[in-house]
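So the structure is just underneath, and the comments pick up after that.
The values are calculated or read from the model by the stated rules, or taken from the named source; none is laboratory data. Quick caveat: nothing in here was measured; it's all calculated off a predicted structure. Note that each Cβ is placed from the backbone with ideal geometry, even for glycine, and that neighbours are counted across all protein chains shown.
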2 protein chains.
Amino acid sequence: MIVSVDTVRATLEAALRHAGASAPHAALQAALLIEAEMRGLASHGLLRLPRVVERIRNGVCAPNAEGAHTWRASHVLDVDGQQGLGPVVAMRALDAVCERAAEGGVAVACIRNNNHLGMLAWYAQTVAERGYTLIALSTSEALVHPWGGRRAMLGTNPIAIGVPAGGPHAPRPLVMDMATSLVAMGKIHDYASRGAPLEAGWALDADGEPTLDAQAAKHGAIAPFGGAKGYALGLAFEVLVTALTGSAIGTDVTGTLDSHTPCNKGDVFVVIAPQRDPALHARVAAYLRAVRACEPANAQRPVSVPGDRAAASREHALAHGIDVNDALWDTLETLAAAHAV
Amino acid sequence: MIVSVDTVRATLEAALRHAGASAPHAALQAALLIEAEMRGLASHGLLRLPRVVERIRNGVCAPNAEGAHTWRASHVLDVDGQQGLGPVVAMRALDAVCERAAEGGVAVACIRNNNHLGMLAWYAQTVAERGYTLIALSTSEALVHPWGGRRAMLGTNPIAIGVPAGGPHAPRPLVMDMATSLVAMGKIHDYASRGAPLEAGWALDADGEPTLDAQAAKHGAIAPFGGAKGYALGLAFEVLVTALTGSAIGTDVTGTLDSHTPCNKGDVFVVIAPQRDPALHARVAAYLRAVRACEPANAQRPVSVPGDRAAASREHALAHGIDVNDALWDTLETLAAAHAV
């Protein structure tokens with residue numbers, strides 16, 4: 001079913017307001033899910049809304065909390081997320097650190113007790129559009145095995161980077177957003193629901209043996225991306241985020257996958273003011289154009305820059321509406337209609 | 001040939017002083033190369049010394065420069081490296097930003113016009129031992145092809161992360177240091193010198209075709225690690241470093257591989273004061289122990305944490321000396337003996 005972005009937005013906001021979120025908080029949470037859906041990241045899109053509503057109803061998400069801010073030092077903000085909506089707490093924290101970075105050149109937010117941030121690209125895009133660079137890190141429940149190990153001990157630990165890149169030919173910032181797992185657990189669940197076999201090397205079963213059975217992998221572990229290097233990166237992010245936020249670590253992390261457990265992972269935002277040099281912006285934009293123009297290995301597949309496909313997908317959705325699974329749309333309308341009662 | 005660490009140190013310092021470096025600068029540059037050699041990263045170790053000396057003689061390295069510091073904002077330091085020795089300029093910058101981070105919680109150094117930093121792990125280790133976390137990024141000459149592209153357009157763009165991790169059972173910080181290329185160009189050169197075939201997927205030749213011929217790969221491009229994700233990461237680092245430092249980007253970067261070209265890449269250090277909570281340090285240390293104890297896929301290969309093998313290699317070298325290639329040792333002794341004349 002194709003639904004206009006405005007209709008999707010109204011439906012999501014109604015569902016969230018019915019669950020108890022204020023209008024601005026409902027708007028932020030809905031905007032995040034819609035952006036993820038439009039950018040082609042369905043795993044972080046509309047299908048997450050019922051989970052968010054369930055978490056509010058189960059008392060593990062306080063929809064009107066905004067996070068308690070304490071400046072640990074003049075340019076480092078500690079945020080107790082107060083179990084608020086992930087994007088609400090995160091955006092309030094980003095507002096505060098962007099303001100501080102405007103003054104001191106850099107500021108860091110260290111967030112604990114916050115719900116799932118969702119797609120990190122949204123924050124990178126937002127901060128870069130304000131003229132700042134962002135490095136965002138977040139941890140999650142342990143789903144990834146150490147390289148050479150049999151058990152899930154690391155989160156999927158994504159990193160996002162946003163950099164302003166001006167110039168008439170590339171007005172978009174560079175936005176990169178990736179998990180340090182080889183595939184998303186959402187992909188494993190998708191394969192399991194379709195009965196499709198996994199690719200070799202993606203996952204281990206509950207006994208730590210390699211498996212192509214998606215059902216078995218759901219109870220096992222996902223591989224880190226890029227072998228030993230991706231493992232090293234994911235582990236360093238896990239340790240760095242915990243050291244900065246005081247969040248839970250490894251298998252102690254809960255609440256990023258279910259509807260009833262408090263969420264105790266950590267999030268870190270590093271916001272830095274870049275050089276204010278139009279020629280430099282133009283140089284970066286020219287570089288990105290040159291990369292896109294690199295002779296491709298396969299003539300049918302031009303080289304792309306991180307965010308290109310997402311931007312094209314987003315433009316298409318804005319123009320033509322969002323393709324929503326029928327059953328999911330029924331669920332969303334039901335959650336929203338309850339609001340009207 | 002096995003040479004004691006003290007003898008290696010004296011030899012390297014003599015060679016650098018003969019080339020014109022002050023005693024403290026010679027000591028810093030020598031310490032970096034020796035640490036890399038001891039940690040098992042020979043590609044960044046003693047074999048780099050003749051190149052450093054040649055660069056000084058050719059006027060593209062000013063061995064007594066320390067970098068000109070300008071605080072762009074209260075917590076962001078711009079460093080004009082003045083073509084100094086990489087580790088000298090970098091350590092002076094780190095001293096300054098650690099001091100600022102002690103006050104404001106975070107500070108960033110943006111370095112341009114500096115020579116090769118060498119092994120980033122050394123900086124991560126040093127900063128973590130002072131009680132701070134470090135994220136270090138550096139660019140290099142374009143050696144890596146975009147994912148799906150035929151030409152080298154990205155540097156090997158390494159990242160290093162250092163995090164204090166206390167506790168009696170894990171007194172060492174966590175130190176992670178990796179390039180975003182699948183293999184190092186040094187490894188390609190090593191294979192070429194031995195006439196050994198490369199592994200599939202490592203490199204392209206000058207025409208952008210996959211090759212197993214190491215000689216051909218020297219004139220082509222190396223793959224990013226981890227496929228599209230590693231490419232995205234390396235590209236984001238390239239753009240982030242340029243946006244923050246104003247350094248050259250992509251194929252405009254020079255001077256990281258030869259003896260005669262000024263070095264125009266950029267380096268970024270983000271130093272953040274972590275939570276001062278002994279219980280948290282212990283929690284991180286316990287996590288790292290648990291990861292090492294993870295049931296291994298291969299019983300003969302226990303799971304390791306980034307830095308473990310380097311630390312073991314370093315301890316062995318300290319106790320038993322450094323195994324130096326005979327021809328290289330002759331060269332180093334000649335460079336050092338010239339000093340005595």
Query - Residue in segment A:131-143 that is within 30 Å of A:GLY105 (Cβ to Cβ), facing chain B (nearest Cβ under 9 Å) and assigned to a loop (DSSP other than H, G, I, E, B) present - result: no
Query raised in the report: Restricting attention to segment B:54-113, and to residues there that are acidic (Asp, Glu) and closer than 23 Å to A:ALA102 by Cβ, which single residue is nearest to the chain's Cα centre (by Cα)?
Result: B:ASP78
**Report entry** Condition broken by B:LEU332, with the remaining ones in (1) within 14 Å of chain A (Cβ to nearest Cβ); (2) crowded, with 21+ Cβ neighbours inside 10 Å satisfied
**Finding:** (1)
Query - Single match in A:ARG150, A:ARG172, A:ARG130 (criterion: touching a strand residue (DSSP E or B) at 6+ places or on another chain (Cβ under 7 Å) and either charged (D, E, K, R) or modelled with pLDDT of 95 or more (or both)) - result: A:ARG150
Requested in this report: Identify the single condition in (1) assigned by TED's automatic domain parsing to the domain that holds A:PRO274; (2) outside any loop (DSSP other than H, G, I, E, B); (3) over 19 Å from the mean Cα position of the chain (by Cα) that A:ALA152 does not satisfy, given that it satisfies every other one.
Outcome: (2)
**Report entry** Of the criteria (1) within 10 Å of chain B (Cβ to nearest Cβ); (2) at pLDDT 95 or above, which one A:ALA206 fails
**Finding:** (1)
Report summary line: Counting only residues in segment A:214-248 that are within 7 Å of another protein chain (Cβ to nearest Cβ) and part of a loop (DSSP other than H, G, I, E, B), the one nearest to A:ASP80 (Cα to Cα) is identified as A:GLY246
Query raised in the report: Considering only residues of segment B:272-325 that are basic (Lys, Arg) and assigned to a helix (DSSP H, G or I), which is farthest from the other protein chains (Cβ to nearest Cβ)?
Result: B:ARG314
Query raised in the report: So which residues in segment A:60-95 are surrounded by fewer than 17 Cβ atoms within 10 Å (Cβ to Cβ) and among the small types (Gly, Ala, Ser)?
Result: A:ALA68, A:SER74
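Yes/no matrix, rows are residues, columns are (1) more than 15 Å from A:GLY118 (Cβ to Cβ); (2) crowded, with 23+ Cβ neighbours inside 10 Å; (3) at pLDDT below 95; (4) among the β-branched types (Val, Ile, Thr):
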residue	(1), (2), (3), (4)
A:MET1	yes, no, yes, no
A:ARG9	yes, no, no, no
A:LEU12	no, yes, no, no
A:ASN58	yes, no, no, no
Query raised in the report: Residues of segment B:309-329 being more than 16 Å from B:GLU35 (Cβ to Cβ), of a type in the set (D, E, K, R) and crowded, with 17+ Cβ neighbours inside 10 Å, which ones?
Result: none
Query raised in the report: Taking the condition in contact with a helix residue (DSSP H, G or I) (Cβ under 9 Å, 6 or more places away or on another chain), under 22 Å from B:THR242 (Cα atoms) and in the same structural domain as B:ARG172 (by TED's automatic domain parsing), does B:GLY86 pass?
Result: yes
